[in-house]
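So the structure is just underneath, and the comments pick up after that.
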Amino acid sequence: MRSGNAPRIRKAVFPVAGLGTRFLPATKTVPKEMLPIVDRPLIQYAVDEAIAAGCDTLVFVTNRYKHAVADYFDKAYELEHRLENDGKHELLQRVRDVLPEHVRAVFVTQPEARGLGHAVLCAKPVIGDEPFAVLLPDDLIWNRNGPGALAQMADLAQHQGSSVIAVEPVPHEHTHRYGIVATAPFDGRHGLIGAIVEKPDPSVAPSNLAVVGRYVLEPRIFELLEHTQPGKGGEIQLTDAIAALLPERTVNAYRFAGTRFDCGTHIGLVEATIRFALDHEALSEPARQAMLKALAELGVQDPV
Ligand code: G1P
């Protein structure tokens with residue numbers, strides 16, 4: 001991408017082929033991306049963020065057993081007809097808002113579970129030769145009063161003509177759970193990435209700045225992914241292809257404005273549920289009462 005003159009991203013990739021074993025038995029039949037936070041599945045939050053950032057083509061990389069995500073974004077004629085006949089217009093609108101009319105969903109199968117890098121590579125025929133986003137729906141990012149994380153990143157990518165990777169600091173002992181970057185000093189919210197390594201042991205981690213699941217990448221990454229050998233865990237890692245991109249192109253780390261909930265973990269999912277319930281128009285007060293009651297029943301005297 002040329003500096004200052006980069007095209008705006010229009011396409012977003014959602015790798016959703018994982019097995020979600022951490023949430024078994026729930027994920028025996030329900031993909032983890034379909035687990036709800038209040039009344040919307042996790043995938044919807046990521047999709048809304050991508051659309052708000054200007055994307056109109058959503059590429060879901062799934063496996064051949066997972067039909068729920070495709071079914072969810074498909075038009076539900078019978079349901080819509082029924083809601084219309086029953087005069088349930090608000091519900092009907094909510095169902096229709098799942099995917100606005102100007103947005104198209106494309107489904108690509110990842111034939112084998114060979115890692116995140118391989119999943120992204122499967123989207124190559126749909127992306128073609130333009131910059132694009134990758135969103136990992138497990139990472140739910142909430143920016144209550146401002147633009148979503150991807151919109152913030154898309155602005156920076158377009159302005160700087162660079163790839164942009166979302167980061168946030170994590171406790172040093174957690175570096176083995178994330179891609180970790182080393183950067184030049186931050187100018188406001190961003191800094192040039194000098195090194196990136198997948199899930200390093202804390203003893204060798206170059207920093208505590210962790211990659212979270214939002215990327216704006218240029219299409220050169222596909223050629224690099226094609227030559228990326230299996231890395232951590234025997235999988236083709238997106239992180240390793242980004243490391244190969246660093247000597248050639250500008251890649252910025254971006255500390256987004258907003259709160260990330262790690263919904264790939266039980267506590268993250270619970271935390272997100274609490275936060276969204278407390279912020280929900282109709283649920284806010286009953287949710288607060290329910291929480292206070294639960295804490296009182298458990299003998300917690302002084303909830304903060
Ligand atoms: C993936 C990436 C990792 C990144 C993380 C963010 O790991 O490989 O670099 O830090 O997402 O959520 P995963 O969580 O899929 O193991």
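The values are calculated or read from the model by the stated rules, or taken from the named source; none is laboratory data. All values derive from a computational prediction rather than experimental measurement. Quick reminder, even Gly has a Cβ in these numbers, built from the backbone with ideal geometry, and neighbours come from all protein chains shown. These area figures cover heavy atoms from the full protein model, side chains too; ligands, DNA and RNA do not enter into them. Shrake-Rupley method; radii C 1.70, N 1.55, O 1.52, S 1.80 Å.
At-a-glance table
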quantity: Extreme residue, least open to solvent (accessible area, probe 1.4 Å), among residues of the stretch 73-96 that are under 29 Å from residue 146 (Cβ atoms) and touching an Asp or Glu at 6+ places or on another chain (Cβ under 9 Å); calculated: 95
quantity: Which numbered condition residue 117 misses (of (1) within 16 Å of the ligand (Cβ to nearest atom); (2) touching a helix residue (DSSP H, G or I) at 6+ places or on another chain (Cβ under 8 Å); (3) over 24 Å from residue 204 (Cβ atoms); (4) assigned to a helix (DSSP H, G or I)); calculated: (3)
quantity: Number of positions in the stretch 142-175 that are open to solvent by 50 Å² or more (accessible area, probe 1.4 Å) and more than 16 Å from the ligand (Cβ to nearest atom); calculated: 7
quantity: Criterion (open to solvent by 90 Å² or more (accessible area, probe 1.4 Å) and closer than 28 Å to residue 268 by Cα) met by exactly one of 64, 104; calculated: 64
quantity: Cβ pairs under 6 Å, 6+ apart, first in the stretch 121-138 and within 14 Å of the ligand (Cβ to nearest atom), second aromatic (Phe, Trp, Tyr); calculated: 134/215; 135/14
quantity: Criterion (under 25 Å from residue 280 (Cβ atoms) and buried (at least 20 other Cβ atoms within 10 Å of the Cβ)) met by exactly one of 31, 131; calculated: 31
quantity: Filtered residues of the stretch 176-196 (kept if more than 9 Å from the ligand (Cβ to nearest atom), surrounded by 13 or more Cβ atoms within 10 Å (Cβ to Cβ) and more than 22 Å from residue 152 (Cα to Cα)); calculated: 176
quantity: Criterion (out of contact with any Pro (no Cβ under 9 Å at 6 or more places or on another chain) and among the aliphatic types (A, V, I, L, M)) met by exactly one of 38, 47, 16, 69; calculated: 38
quantity: The stretch 155-183 - residue that is among the hydroxyl-bearing types (Ser, Thr, Tyr) and without any contact (Cβ under 8 Å) to a residue 40 or more places away in the chain and, of those, nearest to residue 259 (Cα to Cα); calculated: 178
quantity: Hits in the stretch 242-252 - residues which are over 17 Å from residue 135 (Cβ atoms) and within 15 Å of the ligand (Cβ to nearest atom); calculated: 243, 244, 245, 246, 251
quantity: Enumerated helices (runs of 4 or more DSSP H) restricted to the stretch 10-114, each holding at least 3 residues that are farther than 26 Å from residue 272 by Cα; calculated: 77-85
quantity: In the stretch 227-245, residue farthest from residue 166 (Cα to Cα) [restricted to those that are open to solvent by 30 Å² or more (accessible area, probe 1.4 Å) and among the aliphatic types (A, V, I, L, M)]; calculated: 244
quantity: Where a residue in the stretch 209-224 is within 16 Å of residue 169 (Cβ to Cβ) and its partner, wherever it lies, is away from the ligand (no atom under 16 Å from the Cβ), with Cβ under 9 Å and at least six apart; calculated: 209/191
